[in-house]
Amino acid sequence: MNDLDILHGVLDQWKDAIIEHDPKRVASYFTEDAIFQGLHPYGVGRDAVAEYYDSQPLGLSPSYRILEHRRLSEDLILGYVAVDFAFTDRPELSVYLSVVLRRTGETWLIDHYQVSRL
């Protein structure tokens, strides 16, 4: 599997879990000690990720485009992603997302996640 396929695989699972409003499942795609920076103050670990996504409204639906990606090492992939978050009751929110995926065994998980609005 190439790096782009790996990124899509992880981000597709992340996206599906958000659409299903399943915060614990979203968090399962992150490492135990992931650094997470959404649009609120940052948190560390799966509990912080689950808490963040639990606070998001029902009907939240992300769509994304991978703009750039790089293999940083054998076990790390960097992705730079444009994400549009659709809501049921307000205008869409467009952000940029940087993720670092880390291979743990045979699984790739999000180790670092940072959102920015430019």
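Taking amide H as placed 1.01 Å from N in the peptide plane, the amide H of TYR29 sits under 5 Å from none that are at least 5 places away or on another chain. Among GLU74, GLU106, GLU92, the residue with the largest mean-square fluctuation in a Gaussian network model of the chain, with springs joining Cα atoms closer than 10 Å, is GLU106.
Values in this text are rule-based calculations from the coordinates and carry no lab data. Computed from a predicted structure; not experimentally measured.
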